[in-house]
Amino acid sequence: MIVTGAGRGLGRAHALAFAAAGASVIVNDLGVDRNGSGGGSEAAHGVVEEIVAAGGSAVANGADVADWEAASALITQAVDTYGRLDTLVCNAGFLRDRMLATMGEDEWDAVVRVHLKGHFAPARHAIEHWRGRAKRGESVDARLVNTSSGAGLMGSIGQGNYAAAKAAIAALTVQQAAEWGRYGVLVNAIAPDARTRMTEGVFYSDEPPDGWDEKDPANASPLVVWLGSAECDVTGRMFEVSGGRLSVCDGWQHGPVARIGRRQMSVSEAGELAHQSIASAPEPAPVYGVD
């Protein structure tokens, strides 16, 4: 199995948890800083060393998951090393926060690229492997776990690029589940609430006040391991997870319908119908950071 962005934070916790459950893990990490700068293999190799020292099996990979050919090589490495790929966890990403009114094109492009294309590219090459096996008559029981965010589900002030990419990942999850179930692939996503490099300054920076770290990234990993295992029997769902709790999230739904007695409405009638539908609908969740 593969975990992308597994050198630190959530990805590292997932890789360790999968290895503890007996999985052989490709630990992918480009080794960049919080804002996507720099790079190096130390983080990925460090996690591999932890897994091997604990008696598990793991190898490192330093691919840029948003690079088409590198993502293909990542899937090939898993298949060549372990014989096949059963689970892919897409987790890699970084932040370049700024208010939308002052955000630059490079800040937009870089974040959308690593999060959205960095989810699609590995998954696209993984489904080629799984689809090929299915067409050869093999029984495929594969799992894809994507990583969205509360920012993608609700919005987050100062993170428009990140929120847009994570919202797209939520829609991508539903799309993948609908298209890939025929090949034996279940697809789900998580929106974790955890303390990582990407949330520096958001949660407490020192020791947790009561000795138990509710925001520890490892608290999300049991759900990810379940979603990535043969025991998982759900697909196309999004789960918020933090500490010892989780909830399934319900996305866009057809809302209350307001009608007039003919096909064509006037501009003023359109406004009246919009207000009628809103009046019958639940209030939307507030955007993170809005007072």
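The values are calculated or read from the model by the stated rules, or taken from the named source; none is laboratory data. Treat the numbers as computed from the prediction; the structure is a model and nothing was measured. So basically every Cβ, Gly included, is an ideal-geometry build from the backbone, and we count neighbours across all protein chains shown.
Sort through 179, 231 and tell me the only one that's assigned to a helix (DSSP H, G or I) and modelled with pLDDT of 95 or more. Before the answer, list the steps.
Working: 231 fails: assigned to a helix (DSSP H, G or I).
Just a single option satisfies the conditions, and that option is 179.
In the range 39-97, which residues are more than 27 Å from residue 238 (Cβ to Cβ) and of a type in the set (Phe, Trp, Tyr)?
82
Only one residue in 58, 15, 43, 23 is small (Gly, Ala, Ser), modelled with pLDDT of 95 or more, out of contact with any helix residue (DSSP H, G or I) (no Cβ under 7 Å at 6 or more places or on another chain) and in the same structural domain as residue 193 (by TED's automatic domain parsing). Which one?
Selected residue: 23, the only one of 58, 15, 43, 23 that is small (Gly, Ala, Ser), modelled with pLDDT of 95 or more, out of contact with any helix residue (DSSP H, G or I) (no Cβ under 7 Å at 6 or more places or on another chain) and in the same structural domain as residue 193 (by TED's automatic domain parsing).
Matching residues to (1) under 16 Å from residue 237 (Cβ atoms); (2) in contact with a helix residue (DSSP H, G or I) (Cβ under 6 Å, 6 or more places away or on another chain):
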site	(1), (2)
148	yes, yes
152	yes, yes
164	no, no
168	no, yes
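Scan the range 238-291 residue by residue and report those that are touching a residue at least 60 places away in the same chain (Cβ under 8 Å) and surrounded by 10 or more Cβ atoms within 10 Å (Cβ to Cβ).
238, 240, 249, 251, 285, 286, 287, 288, 289
Please tell me if residue 171 is outside any loop (DSSP other than H, G, I, E, B) and buried (at least 18 other Cβ atoms within 10 Å of the Cβ).
On the way: outside any loop (DSSP other than H, G, I, E, B): yes; buried (at least 18 other Cβ atoms within 10 Å of the Cβ): no.
It is false that residue 171 is outside any loop (DSSP other than H, G, I, E, B) and buried (at least 18 other Cβ atoms within 10 Å of the Cβ).
Evaluate the following for residue 50: is it loosely packed, with under 14 Cβ neighbours inside 10 Å and of a type in the set (Asp, Glu)? Full working, then the answer.
Values: loosely packed, with under 14 Cβ neighbours inside 10 Å: no; of a type in the set (Asp, Glu): yes.
Taking the combined requirement at face value, the residue does not satisfy it.
Every residue in the range 241-257 that is in a loop (DSSP other than H, G, I, E, B) and either in contact with a Gly (Cβ under 6 Å, 6 or more places away or on another chain) or closer than 23 Å to residue 283 by Cβ (or both), please.
Of all residues in the range 241-257, those in a loop (DSSP other than H, G, I, E, B) come to 243-244, 250-257.
Scanning the range 241-257 gives 250, 251, 252, 253, 254, 255, 256, 257.
Tell me, yes or no, whether the range 143-151 has at least one residue that is surrounded by fewer than 19 Cβ atoms within 10 Å (Cβ to Cβ) and assigned to a loop (DSSP other than H, G, I, E, B).
Pass one, the range 143-151, residues surrounded by fewer than 19 Cβ atoms within 10 Å (Cβ to Cβ): 150.
Checking which are assigned to a loop (DSSP other than H, G, I, E, B) leaves us with none.
Within the range 143-151 (the criterion being surrounded by fewer than 19 Cβ atoms within 10 Å (Cβ to Cβ) and assigned to a loop (DSSP other than H, G, I, E, B)), the answer is no, since none of the residues qualifies.
Could you tell me which of the residues 278, 260 is modelled with pLDDT under 95 and of a type in the set (Val, Ile, Thr)?
None of the other options fit; the residue is 260.
State which residue is nearest to residue 165 (Cα to Cα) when the search covers only the range 94-110 and only residues that are part of a helix (DSSP H, G or I) and either in contact (Cβ under 8 Å) with a residue 60 or more places away in the chain or outside the structural domain of residue 6 (by TED's automatic domain parsing) (or both).
As a first pass, look at the range 94-110 and keep what is part of a helix (DSSP H, G or I): 100-102, 105-110.
Pick out the ones that are also either in contact (Cβ under 8 Å) with a residue 60 or more places away in the chain or outside the structural domain of residue 6 (by TED's automatic domain parsing) (or both) and you get 100, 110.
Details: 100: 14, 110: 11 Å.
It comes out as 110.
What number of residues in the range 258-285 are charged (D, E, K, R) and not in a loop (DSSP other than H, G, I, E, B)?
Of all residues in the range 258-285, those charged (D, E, K, R) come to 259, 262-263, 269, 272, 283.
Applying the additional criterion that residues be not in a loop (DSSP other than H, G, I, E, B) yields 269, 272.
So the count comes out to 2.
Let me spell it out: the conditions are (1) buried (at least 17 other Cβ atoms within 10 Å of the Cβ); (2) under 30 Å from residue 180 (Cα atoms); (3) modelled with pLDDT of 95 or more; (4) out of contact with any helix residue (DSSP H, G or I) (no Cβ under 8 Å at 6 or more places or on another chain), and residue 30 meets all of them except one. Which number is the exception?
The failed condition is (3).
Against the conditions (1) part of a helix (DSSP H, G or I); (2) in contact (Cβ under 8 Å) with a residue 24 or more places away in the chain, where does residue 139 fall short? Just the number, please.
All conditions pass for residue 139, except number (1).
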